[in-house]
């Protein structure tokens with residue numbers, strides 16, 4: 001299996017970086033090919049702007065989506081964007097390592113998504129007319145690939161339960177797993193979340209490592225989160241879930257066929 005690891009943490013001695021090292025070690029020992037993009041060490045350009053397009057006239061008003069479409073089609077994206085797209089196309093599995101900051105990914109990783117998931121690559125695929133609204137949510141350029149989020153959080157695990165003050169972790173990560181990964185066709189595995197990361201003892205780190213290595217051993221057999229496909233028959237012509245499928249579900253749970261249970265430590 002070909003695995004693309006994306007790390008977004010500024011500190012080399014961080015828990016995130018240690019988990020990344022475990023990922024590389026365990027997967028390479030198991031015979032998998034692994035490549036890594038360490039965004040901070042790469043000094044990744046976070047801002048999505050006119051500088052992303054080699055032939056954009058700076059005197060003209062920037063419509064980012066239109067410029068992205070043109071640059072992707074004509075091969076005039078900047079080399080850093082193109083290089084990351086090639087890594088994604090190469091990979092069977094993508095593992096994202098990041099701390100949860102303000103209930104989402106760090107800005108540098110969001111900037112990676114905004115620039116790399118270009119028009120025609122990550123979105124804007126397929127016809128948009130009549131009952132169709134493109135090839136997205138289970139279809140698209142990256143269909144067939146899998147991904148997993150490896151997330152560290154400062155709060156206690158109860159904070160992220162259904163009745164916890166922060167809200168359920170699956171809802172918090174839904175915009176990433178469903179909105180960023182599933183949108184262009186990537187199947188998201190249940191996330192691996194480490195709570196109280198800022199106060200992790202050496203003893204508890206050993207347990208985290210054991211649990212995470214076990215997760216990596218089973219990586220090829222873990223079932224993805226069962227999100228519904230946009231064009232799979234569950235939604236009507238306005239992309240609304242058909243009434244008979246709603247039942248007693250509410251919120252984000254409507255869009256997967258069964259409740260997701262995150263594996264956490």
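Bear in mind that the values in this text are calculations on the coordinates, not laboratory data. Here the structure is a predicted model, which is why all the values come from computation and not from measurement. A quick note on method: Cβ atoms are made from the backbone with ideal geometry, for glycine too, and the neighbour counts reach across all protein chains shown.
Remarks
- Label-to-label distance, nm, for residues given as residue 254 and residue 107 (7 Å Cα→Cβ offset): 3.3
- All Cα-Cα separations within the stretch 1-144 were binned at 5 Å from zero, giving a P(r) of 2, 9, 16, 18, 18, 16, 11, 6, 2, 1, 0, each value a whole percent of the pairs.
- Working note: 222 nm ellipticity from helices only, DSSP H runs with n ≥ 4, each -39,500 (n - 2.57), summed and divided by the residues of the chain, gives -8500 deg cm²/dmol to the nearest 500.
- A convex hull fitted to the Cα coordinates of the stretch 67-124 yields 99 cubic angstrom per residue.
- Cα centroid separation - the stretch 80-135 against the stretch 1-36, whole Å: 19
- Put in line by how crowded their Cβ is, counting other Cβ atoms within 10 Å and starting with the fewest, 37, 68 read 37, 68.
- For the stretch 1-55: rounded, prolate or oblate by the Cα gyration tensor [a/c cutoff 1.5]: oblate
- Prolate/oblate/rounded call for the stretch 148-218, Cα gyration tensor, a/c under 1.5 rounded: oblate
- Spacing of the modelled spin labels on residue 35 and residue 159, each 7 Å from Cα toward Cβ, amounts to 3.6 nm.
- Ordering 88-98, 72-82 by mean Cβ neighbour count within 10 Å, with the highest value first, yields 88-98, 72-82.
- Shape of the chain, Cα gyration tensor, a/c cut at 1.5: oblate
- Linear extension gain, residue 214 paired with residue 238, 0.36 nm per residue minus alpha-carbon span: 4.4 nm
- If you run the Gaussian network model on the chain, springs between alpha carbon atoms under 10 Å, then out of 178, 159, 244 the most flexible one is 244.
- Computed from label points 7 Å out along Cα-Cβ, the spacing between residue 128 and residue 83 is 3.1 nm.
- Here is the size of the stretch 177-244 from its Cα atoms: Rg then Dmax, 17.6, 54 Å.
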